[in-house]
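Have a look at the structure below, then the notes.
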Amino acid sequence: MDIAVGEDERTVRVLLPSLTDGELAPMLVLLHGNPGTTSEIRDQARATTLAARHRVVVVMPPARDQRWDAIVYPGDEVVDSPDVPYVAGVIAEATDRLPVDPERVFVAGMSMGAVLADRIACEAGDRITAIAVVAGTPWSDRCTPGRPISVLVLHGTADGTFPLESAEALAARWRDLDGCDGTDEVALAANAVAIRASGCTDGAQVELVRIEGAAHAWFREPDATELAWRFFSEVPR
C-alpha cells in the first residue's frame with residue numbers, strides 16, 4: 001500500500017501487518033540515509049519482517065533526489081528544512097488514514113535520516129512518542145521540544161562519518177532536555193554497552209548503545225531493528 005501527502009508527487013511506501021477489525025497498530029516511520037531510497041532502508045532494517053512479526057505499520061517516505069535536508073553545521077545559519085514539515089505531514093496523513101494508534105508513533109533513521117529524526121523530534125514532535133537515531137549526529141545545537149521525548153541512540157565506535165563523540169553529545173543533550181538525573185551502564189552483548197538514563201521527566205527514556213568496532217551502518221550484530229523495537233515497546237505512551 002502507498003500513500004501521498006497532498007499534491008506532493010512522492011509516493012510513500014507502507015507495509016501493513018495483518019490486523020483484526022478495529023485494531024490499531026503502532027507505527028514506525030523509517031528514514032533512509034543520504035543518498036538513499038525506501039527500498040534500501042526497507043532491506044537494511046528488514047522492515048517487512050518487522051511489520052509482520054511485531055504487527056507494526058511501517059511507513060517509508062522518500063527524500064527528494066534521495067537526500068534529506070536535515071543538518072546545520074556549526075557556524076552555519078539555521079534555516080528551515082522543507083523535510084521537517086514533509087515528514088510531519090506524512091505522519092499526520094498516515095495516522096489519519098491507516099489503522100494507527102496515535103499514542104505509539106515512532107521515527108527511526110539511518111545516517112542523515114537519523115539526523116532528520118532528531119530534528120523532527122526537536123521541531124515537530126507533537127505526534128511522536130519516541131525516536132531511534134542509528135549512526136547519526138545532532139542536527140544542530142538547538143532543540144526546543146514541547147514535551148519530553150524518548151530517544152535511543154545507536155552508534156559504532158569505528159564510525160568514520162559521524163564520530164562517536166557526536167552520538168554521545170546527542171544523548172547527553174536529550175538527557176538534559178528530558179530532565180534525567182543519572183545513568184546506568186548495561187552490557188547488551190559482547191560488543192555492545194547501553195548507557196541508560198534514569199529519573200527522566202514523565203517516564204521518558206534516553207539510551208545510548210555503543211557498539212565496539214562497528215562502522216557507519218544499520219547494525220546487524222547486535223540487531224539495530226530489534227534493539228529499536230525493544231526500546232519503542234518499553235517507552236510510556
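For (1) under 14 Å from the mean Cα position of the chain (by Cα); (2) closer than 19 Å to A117 by Cα; (3) of a type in the set (V, I, T), each residue gets a yes or a no:
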site: V186; (1), (2), (3): no, no, yes
site: V193; (1), (2), (3): no, no, yes
site: G199; (1), (2), (3): no, no, no
site: G203; (1), (2), (3): no, no, no
site: E212; (1), (2), (3): no, no, no
site: A215; (1), (2), (3): no, no, no
site: W218; (1), (2), (3): yes, yes, no
site: R230; (1), (2), (3): yes, yes, no
Looking only at segment 114-131, which residues are open to solvent by 10 Å² or more (accessible area, probe 1.4 Å) and not in a helix (DSSP H, G or I)?
A124, T129
Give me the pairs: first residue in segment 132-143 and over 12 Å from M112 (Cα atoms) and assigned to a loop (DSSP other than H, G, I, E, B), second residue open to solvent by less than 10 Å² (accessible area, probe 1.4 Å) and acidic (D, E), beta-carbon distance under 8 Å, and six or more apart or on different chains, which are they?
C143/D118
Any pair with Cβ under 9 angstrom, 6 or more apart, that starts in segment 149-171 at a residue that is charged (D, E, K, R) and ends at one that is assigned to a loop (DSSP other than H, G, I, E, B)
D159/A135; D159/A214; D159/A215; D159/H216; D159/A217
Give segment 192-218 a look and list any residue that's over 21 Å from P145 (Cα atoms) and in contact with a strand residue (DSSP E or B) (Cβ under 6 Å, 6 or more places away or on another chain), or say none.
A192, V193, A194, I195, V209, R210, I211, A214, A215, W218
Checklist (1) assigned to a loop (DSSP other than H, G, I, E, B); (2) under 19 Å from V115 (Cβ atoms); (3) open to solvent by 60 Å² or more (accessible area, probe 1.4 Å) applied to E165, failing item:
(1)
Unmet criterion (only one of (1) open to solvent by 50 Å² or more (accessible area, probe 1.4 Å); (2) in contact with a Leu (Cβ under 7 Å, 6 or more places away or on another chain); (3) not small (G, A, S)) for E212
(2)
Verdict on A189 being modelled with pLDDT under 95, closer than 27 Å to A52 by Cα and aliphatic (A, V, I, L, M):
yes
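Would you call T157 touching a Lys or Arg at 6+ places or on another chain (Cβ under 7 Å), surrounded by fewer than 22 Cβ atoms within 10 Å (Cβ to Cβ) and farther than 26 Å from D65 by Cα?
Working: touching a Lys or Arg at 6+ places or on another chain (Cβ under 7 Å): yes; surrounded by fewer than 22 Cβ atoms within 10 Å (Cβ to Cβ): yes; farther than 26 Å from D65 by Cα: yes.
Taking the combined requirement at face value, the residue satisfies it.
The values are calculated or read from the model by the stated rules, or taken from the named source; none is laboratory data. Since the model is a prediction, treat every value here as computed from it, not as a measurement. Here the Cβ is made from the backbone with ideal geometry for all residues, glycine too, and neighbour counts use every protein chain on show. Quick note on the areas: whole protein, heavy atoms, side chains included, nothing else; ligands and nucleic acids left out. Shrake-Rupley method; radii C 1.70, N 1.55, O 1.52, S 1.80 Å.
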